[in-house]
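Written below as structure tokens is the structure these notes are about.
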Amino acid sequence: MQLTLLDPDRPEQAFPPLYKALNEPNGLLAFGGCLSPQRIINAYRHGIFPWYNPGEPILWWSPDPRLVLFPDKLKVSRSLNKALRKQPFQIQYDRAFSRVLAACAAPRREDGGTWITEEMKQAYQNLHRLGFAHSFEAWRDGELVGGLYGIAIGKVFFGESMFHTQTDASKVAFVHLVRRLEDWGYQLIDCQVRSEHLLSLGAEDIRRADFLARLEQLCPQSQSPQAWQR
């Protein structure tokens, strides 16, 4: 299946480096195509991510503005800092990627649905095996109680989803992720769309053009040799 771009000025059957996405809905760029590792990585490099519901064609998005977090601008509230000092969780990474992915895909209470389809899960499993997709996990007494996953390319981490079954588990995992990414020299975390939760942790909106310019600079860079080593 070919990818159909929704911008009539860009008829190429590949993601172009420059484009105009739709404003309504915000950032919808294309539909169709496939979830091969090559296509997904190419999409992320150009500020595009797949997001669609079961039964829909694959939809590709690039919203404007874009929510990002610069690792050195992480904000930790007093209550969250208190939770961090108590060290209630053991934090690890890439120990249970499949379980984190499955937990993130579980239906939420609010609507009973999920956007992480079986096709999406398989695609990100493939990316994990190739060394692009990673998980950060919070464990308590040997039980996985929270975590998140995303894609690492160059000096950028593209966050995808998070979950928790115990209070503060995903927040604590996120703070540890950001601090570890900063140690490894990552310069940008993509949060995709606006969220009050992420805004409270220091995320901010930037123009899509600025986001794309940063990706062009940071994605080709080599990651630290220490990054994601176990």
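The values are calculated or read from the model by the stated rules, or taken from the named source; none is laboratory data. This structure is a prediction, so every number in the text was calculated from the model and none was measured. Here the Cβ positions follow ideal geometry from the backbone for every residue, glycine too, while neighbour counts run over all protein chains shown.
Worth pointing out:
- Just one of (1) surrounded by 20 or more Cβ atoms within 10 Å (Cβ to Cβ); (2) out of contact with any helix residue (DSSP H, G or I) (no Cβ under 9 Å at 6 or more places or on another chain) fails for residue 142. It is (1).
- A single entry from 96, 123, 102 fulfils the requirement of being on the phi < 0 side of the Ramachandran plot and buried (at least 18 other Cβ atoms within 10 Å of the Cβ): 123.
- Checking each residue in segment 214-230 for being more than 18 Å from residue 131 (Cβ to Cβ) and more than 18 Å from the chain's Cα centre (by Cα) picks out only 217.
- Scanning segment 208-217 for residues that are at pLDDT 95 or above and surrounded by fewer than 17 Cβ atoms within 10 Å (Cβ to Cβ) turns up 210, 213, 216, 217.
- Matching residues in segment 163-190 - criterion: being surrounded by fewer than 23 Cβ atoms within 10 Å (Cβ to Cβ) and within 9 Å of the chain's Cα centre (by Cα): none
- Of all residues in segment 62-99, those satisfying the criterion of being in a helix (DSSP H, G or I) and of a type in the set (D, E, K, R) are 72, 73, 78, 82, 85, 86, 99.
- Within segment 35-55, tally of residues that are in contact with a Ser or Thr (Cβ under 9 Å, 6 or more places away or on another chain), part of a loop (DSSP other than H, G, I, E, B) and on the phi < 0 side of the Ramachandran plot: 5
- Filtered residues of segment 77-103 (kept if of a type in the set (Gly, Ala, Ser) and under 22 Å from the mean Cα position of the chain (by Cα)): 96, 98, 102, 103
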